[in-house]
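Asker: I have a structure I would like to understand better, so I am pasting it below and will then ask my questions one at a time.
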Amino acid sequence: MQHRLKPRKVPQQRRSQKTREDILEAAARLLNRHPLEEVSTNHIARKTGISVGTLYKYYPNKDSILADLSLMYMQKDAELVGAIFDKYQARQLSELLDELVDALMEVHIYDARVRGVVYQNLGRLRLVTEAQNTRQQIQAKGATVLPALEPGLTWVTLTAISSVVFSMSQLQPQYRNWSFARDLCRHALGLLMAPEK
């Protein structure tokens with residue numbers, strides 16, 4: 001990650017860690033409601049309940065907050081999918097499909113806009129390598145559970161599911177059909193994980 005995107009302070013004490021988490025949470029809430037260009041460090045500081053000077057002790061600029069937020073989401077996604085794969089050992093494939101779809105839909109429904117901002121800015125923030133590492137981590141976990149999974153298709157399928165949920169979340173509420181989105185996502189995962197004939 002570029003120097004200007006790295007957090008200034010890596011908190012060691014619990015209070016400092018909490019402030020950092022609060023900054024990221026405030027940024028996520030704002031980015032779920034407003035376009036990136038309308039969100040400033042002043043807005044984030046005010047939403048966090050700290051001064052902008054305190055915010056700058058942690059992050060040098062808005063992009064460094066967005067970069068850290070991106071890394072946080074990547075880590076959470078890898079942990080979420082990994083935990084579901086870990087539980088699969090003694091379960092049916094259909095249960096794995098349902099749990100993966102439901103979990104991915106849940107995390108994307110509630111923070112679809114901020115995730116859209118995160119994913120759209122990975123290249124600009126030079127976080128492509130980190131995104132690839134996350135992808136490889138998810139693929140490796142999937143391969144230990146279902147060795148026949150093709151790594152590239154696994155990533156395409158998970159990306160497609162994220163896109164379906166994000167696209168549905170961007171519609172006006174009266175046009176959203178989450179049952180359709182769930183069926184579409186489940187079908188995509190079913191194609192990926194269906195035993196070879």
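The values are calculated or read from the model by the stated rules, or taken from the named source; none is laboratory data. Fair warning: this is a prediction, and the values are worked out from it, not measured in the lab. Here the Cβ positions follow ideal geometry from the backbone for every residue, glycine too, while neighbour counts run over all protein chains shown. Protein only, heavy atoms only, side chains kept; ligands, DNA and RNA dropped before computing areas. Shrake-Rupley method; radii C 1.70, N 1.55, O 1.52, S 1.80 Å.
Asker: To the nearest 10 degrees, how steeply does helix 14-33 sit against the main Cα axis of the chain, on a 0 to 90 scale?
Answerer: So the inclination is approximately 70 degrees.
Asker: Given the DSSP H assignment, sum -39500 (n - 2.57) over each helix run of at least 4 residues in the chain and divide by its residue total; what's the result at 222 nm in deg cm²/dmol, nearest 500?
Answerer: Result for the chain, helices only: -23500 deg cm²/dmol.
Asker: Could you tell me which of Ala131, Pro60, Ser169 has its Cα farthest along the dipole of the chain towards the positive end, charges placed at Cβ (Lys, Arg +1; Asp, Glu -1), taken about the Cα centre?
Answerer: Towards the positive end, the residue furthest out is Pro60.
Asker: Roll a 1.4 Å probe over the protein chains and send me the accessible area per residue for region 1-153 in Å². Provide the component values of the computation, followed by the final result.
Answerer: Values: 8230 Å² over 153 residues.
Averaged over the residues of region 1-153, the accessible area is 54 Å².
Asker: Sorted by average packing, counted as other Cβ atoms within 10 angstrom per residue and highest first, what order do 132-145, 67-80 take?
Answerer: For the peptides 132-145, 67-80, the packing ranking is 67-80, 132-145.
Asker: Around Arg46, what is the net charge, scoring Lys/Arg as +1 and Asp/Glu as -1 over all other residues with Cβ under 15 Å from its Cβ?
Answerer: Once positives and negatives cancel, what remains is +1.
Asker: For the chain, take the longest principal axis of its alpha carbons; what is the angle in degrees between that and the long axis of helix 62-87, to the nearest 10 within 0 to 90?
Answerer: 30 degrees
Asker: Let me ask something else. Pick out, in residue order, every one of the trypsin sites (Lys or Arg not before Pro) in region 91-130 that is DSSP loop and has at most 15 other C-beta atoms within 10 Å; say none if there are none.
Answerer: Numbers: sites: Arg91, Arg113, Arg115, Arg124, Arg126; in loops: Arg91, Arg124, Arg126.
Sparse-neighbourhood loop trypsin sites (Lys or Arg not before Pro): Arg91, Arg124, Arg126.
Asker: For region 89-197, what class follows from the C-alpha gyration tensor (a ≥ b ≥ c being the square roots of its eigenvalues): rounded when a/c is under 1.5, otherwise prolate if a/b is larger than b/c, else oblate?
Answerer: Note, shape of region 89-197 comes out oblate.
Asker: Here's something else I'd like to know. What is the packing order of peptides 49-56, 81-88, taking the mean over residues of other C-beta atoms within 10 Å and listing the highest first?
Answerer: Values: 49-56: 14.1, 81-88: 16.6.
Per-residue mean Cβ counts within 10 Å order the peptides as 81-88, 49-56.
Asker: With all protein chains present, how much of the accessible area of region 116-179 (probe radius 1.4 Å) comes from carbon and sulfur, to the nearest whole percent?
Answerer: The nonpolar share, carbon plus sulfur, comes to 56 percent.
Asker: Please compute the modelled spin-label separation between Gln13 and Glu38, points set 7 Å along Cα→Cβ, answer in nm with one decimal.
Answerer: In this crude label model, Glu38 to Gln13 measures out at 3.7 nm.
Asker: Relative to the present Cα-Cα distance, how much length would full extension add between Arg126 and Gln92 at 0.36 nm per residue of separation?
Answerer: 8.3 nm
Asker: Round to the nearest 10 and give me the degree value, 0 to 90, for the angle of helix 178-193's Cα axis relative to the longest principal axis of the chain.
Answerer: 60 degrees
Asker: Stretched out fully, how many nm does the piece from Ser163 to Thr144 gain, at 0.36 nm a residue minus the Cα gap?
Answerer: In short, 4.3 nm is gained.
Asker: Please name whichever of Ala45, Thr157, Gln92 sits farthest to the positive end of the charge dipole of the chain, dipole taken about the Cα centre and charges placed at Cβ: Lys and Arg +1, Asp and Glu -1.
Answerer: Ala45
Asker: Run the accessible area of region 55-109 with a 1.4 Å probe and give the carbon-and-sulfur part as a rounded percent.
Answerer: On the way: 1150 of 2290 Å².
With neighbouring chains kept in place, the figure for region 55-109 is 50 percent.
Asker: Percent relative contact order of the chain, based on C-alpha pairs within less than 8 angstrom and at least six residues apart? Write down the numbers at each step before the final one.
Answerer: On the way: 172 pairs, mean separation 46.7, N = 197.
Worked out over the chain, it gives 24 percent.
Asker: While we're here: What dipole magnitude, in Debye to the nearest 20, does region 100-197 give about its Cα centre under +1 on Lys/Arg Cβ and -1 on Asp/Glu Cβ?
Answerer: 220 debye
Asker: Averaged per residue, what accessible surface does region 158-197 expose to a 1.4 Å probe, in Å²?
Answerer: On a per-residue basis, region 158-197 sits at 67 Å².
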